[in-house]
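*Asks:* Below you will find the structure I want to go over with you.
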Amino acid sequence: MEITLFYNCTILTMDPNDSEASAMAIFQDKIIAVGSEKDVRNRTAQFREKNRLEGGEKPSLREIDLNGACIVPGFIDAHMHPGIYIFYKTQRSLSGVRGYSDLKRILGEEAKKCGEGQWVVGFDLMEDVFEKPEERRFPNRYDLDEISSEHPVLVLRHDGHICAVNSLALKIMGIDKSNVAEKTVEAGEIKVEENGEPTGVFTEAATAIPLGFMPLPDLQRFLEAGRMFSQELASYGITTCGGVVQLGEEGPAGKAGTFEIPLIQGLIKEGLIEQDFVFYVITTQPGELKNVEKSFQGLGVGEGRFQVGGIKRFADGTFGAFTAAMFEPFSDSPQRSKGFFMTDEESLFEIIEETYKLGYQVLIHAIGDRANRWVVDLYKRVVKTSKSKEGGQLRIEHASVLTPDVIRDSADLGIVLVCQPMFIDSEYTWLEKRLGPERIKNVYPFRSIIDAGIVLAGASDAPVESARVLKALQVCVTRNGFVPEQAITITEALKMFTLNAAYALGQEKIKGSLEEGKLADFVILERNPKSVLPNRIADIKILATYHRGRLIYFQNENEKYSD
């Protein structure tokens, strides 16, 4: 048994008073003291002696001089997609593509590596950042035909809400002009030309059709991708996540989603997942949550490490796919599209009400201003008819365009808003063109949300965006110059990814701040985020990450942190 004492450092506890300290002691998986070095040493000595007097072994003491480094609570990402994140790691990334020549070269090289008839797949394409303005459109079947006519080709957009396939893939799927209407699914679209021919582009729920035809990678590749996934999160300082998962075919992974929970549970049993997870299930059947919960409990891995928090539903789509539900048309939409709702009001209300009564959390994806107004009104109805079991039960995911009335009502209802600062980083160059100068003032309004007294929690939506928390903190403070009046302080940004994110997961009593008795989840940073220039926050080095008192990441040159 060993106590580890960290001293000669700055500790940003992120407790309700935003207290700072200079030393901290941990024993097993808990924090036993935090404060001044003198105070922590005294309390540590008392703890060791008490253990001896109570008949136990007197713990040994290990001291680590941090030489002026900074400790913050372990970062918490309140909304990501672990199964899809892992799946992305088994496919070719298109995140660096900056034009059609890049796209054709990269996927053309992939085609040469593939056996006859094998799928050529690329994920994470973002056409809005293509260098040539005339190329800033999502590819269609004819673009992908130029890559290969001998292999089915599939490209998935950065946000996961739109994909395209080539002509051979359409043939394999059995989709053509004669049957495209009957193949179309609710809350999704198979795009067609004026003559009725499918363009090869699928949006929203329809993306599940081509994704369902993709062969899954072998188990060994999945296991290696899972290990890389967890280690990557640890290198970002992430110790807890809210994980959105599919129960069946409904969701961004389509048919592959039926394997998502078994895959994650397999990784857990293999000991490859270092972080804690609260899972949110995409399903229309709230009663299924209890069964999913039992399946995780049956793994027998770490008490409380893997929990089921609630249900996830979708109100609308995204800006990139022109499917976010807006009151007025998108400013740059040739079709004057206003987006659309992914479901009808009464069906969604029944799911919300049942989940709420069962005591689980409700998470609803809402991007557009109309979608956010709609969700808040649905939550109003639920609160009137059902008694909440605890705070934080109602969440809005993304909450991208919020009018003042929606912010006011969200505050009154105690709704938790879970937002992704990295959306700003990927959208700030083109979003004003899509929404216009007036609506843009209400986009990602973090300052207004906090000033209204709403709990604003941070998340990445990874793999849609990078899970790099330090980069997200920088964007919160600088906003890349995008609607700068909505910038927040570094302390407020840190709280988004610590205490507020813990609250969003229903775990604020055991994590999210560095206080005696809480779990020893923390990150050692080379520098204090409060003392660096705002545009250098992302450059701070992460020296080590501890999860429940155990070192899960450290830089090679910092061997003193190793076990």
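The values are calculated or read from the model by the stated rules, or taken from the named source; none is laboratory data. Every value quoted in this text rests on a predicted model; they were computed, and no experiment measured them. When we count neighbours, we look across all protein chains shown, and the Cβ atoms used for this are built from the backbone with ideal geometry, even at glycine.
*Asks:* Working carefully through the options V406, V475, V418, V401, find the one that is touching a Gly at 6+ places or on another chain (Cβ under 7 Å) and of a type outside the set (G, A, S).
*Replies:* Details: V406 fails: touching a Gly at 6+ places or on another chain (Cβ under 7 Å); V475 fails: touching a Gly at 6+ places or on another chain (Cβ under 7 Å); V418 fails: touching a Gly at 6+ places or on another chain (Cβ under 7 Å).
On inspection, the qualifying residue turns out to be V401.
*Asks:* While we're looking at this one, here's another question. Enumerate the helices (runs of 4 or more DSSP H) found wholly within the stretch 119-197, keeping only those where 1 or more residues are of a type in the set (A, V, I, L, M, F, W, C), farther than 20 Å from R98 by Cβ and outside the structural domain of M342 (by TED's automatic domain parsing).
*Replies:* Working: elements: 141-145, 167-173, 180-183.
Counting at least 1 such residues, we get 167-173, 180-183.
Per-residue answers, yes or no, for (1) in contact with an Asp or Glu (Cβ under 7 Å, 6 or more places away or on another chain); (2) part of a loop (DSSP other than H, G, I, E, B):
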residue	(1), (2)
I11	yes, no
D15	yes, yes
D18	no, yes
S22	yes, no
I31	yes, no
D39	no, no
Q46	no, no
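*Asks:* Okay, moving on. Given the residues A253, A234, which is the only one that is under 21 Å from the mean Cα position of the chain (by Cα), among the hydrophobic types (A, V, I, L, M, F, W, C) and closer than 22 Å to P152 by Cα? Spell out how you get there, then give the answer.
*Replies:* Details: A234 fails: closer than 22 Å to P152 by Cα.
Exactly one residue qualifies, and that residue is A253.
Each row is one residue, and each column tells you yes or no for (1) at pLDDT below 95; (2) more than 23 Å from A462 (Cβ to Cβ).
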{"position": "A111", "(1), (2)": "yes, yes"}
{"position": "M126", "(1), (2)": "yes, no"}
{"position": "E146", "(1), (2)": "no, yes"}
{"position": "E150", "(1), (2)": "yes, yes"}
{"position": "H161", "(1), (2)": "yes, no"}
{"position": "S167", "(1), (2)": "no, yes"}
{"position": "T184", "(1), (2)": "yes, yes"}
{"position": "E204", "(1), (2)": "yes, no"}
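*Asks:* Any chance you could count how many residues in the stretch 301-351 are closer than 30 Å to L272 by Cβ and among the polar types (S, T, N, Q)? Quick ask: steps written out before the conclusion?
*Replies:* Narrowing the stretch 301-351 to residues closer than 30 Å to L272 by Cβ: 301-314.
After this cut, where a residue has to be among the polar types (S, T, N, Q) as well, the list is 307.
The number of residues fulfilling the criteria is 1.
*Asks:* Shifting gears a bit: For the stretch 1-57, name all the residues that are polar (S, T, N, Q), closer than 24 Å to L494 by Cβ and without any contact (Cβ under 8 Å) to a residue 60 or more places away in the chain. Working first, answer last.
*Replies:* Here is the first cut: in the stretch 1-57, the residues polar (S, T, N, Q) are 4, 8, 10, 13, 17, 19, 22, 28, 36, 42, 44, 46, 51.
Cutting the leftovers down to closer than 24 Å to L494 by Cβ gives us 4, 8, 10, 13, 17, 19, 22, 36.
Matches in the stretch 1-57: N17, S19, S22, S36.
Condition check ((1) over 29 Å from F222 (Cα atoms); (2) at pLDDT 95 or above; (3) of a type in the set (A, V, I, L, M)) across all residues:
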site: E63; (1), (2), (3): yes, yes, no
site: G68; (1), (2), (3): yes, yes, no
site: I71; (1), (2), (3): yes, yes, yes
site: H79; (1), (2), (3): no, yes, no
site: L107; (1), (2), (3): no, yes, yes
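*Asks:* Among the residues of the stretch 30-60, which ones are modelled with pLDDT of 95 or more and buried (at least 16 other Cβ atoms within 10 Å of the Cβ)?
*Replies:* I31, I32, A33, V34, G35, E37, V40, R41, R43, T44
*Asks:* Before we move on, is I162 touching a helix residue (DSSP H, G or I) at 6+ places or on another chain (Cβ under 8 Å) and within 18 Å of G117 (Cβ to Cβ)? First the steps, then the outcome.
*Replies:* On the way: touching a helix residue (DSSP H, G or I) at 6+ places or on another chain (Cβ under 8 Å): yes; within 18 Å of G117 (Cβ to Cβ): no.
No; evaluated as a whole, the condition is false for this residue.
*Asks:* Which of (1) touching a Leu at 6+ places or on another chain (Cβ under 7 Å); (2) in contact (Cβ under 8 Å) with a residue 60 or more places away in the chain is the odd one out, the single condition K89 does not satisfy?
*Replies:* (1)
*Asks:* Might you check whether a residue that is surrounded by 22 or more Cβ atoms within 10 Å (Cβ to Cβ) and not hydroxyl-bearing (S, T, Y) occurs anywhere in the stretch 297-304? Walk me through how you get there before you give the answer.
*Replies:* Of the stretch 297-304, the ones surrounded by 22 or more Cβ atoms within 10 Å (Cβ to Cβ) are none.
Taking every residue of the stretch 297-304 in turn, none turns out to be surrounded by 22 or more Cβ atoms within 10 Å (Cβ to Cβ) and not hydroxyl-bearing (S, T, Y).
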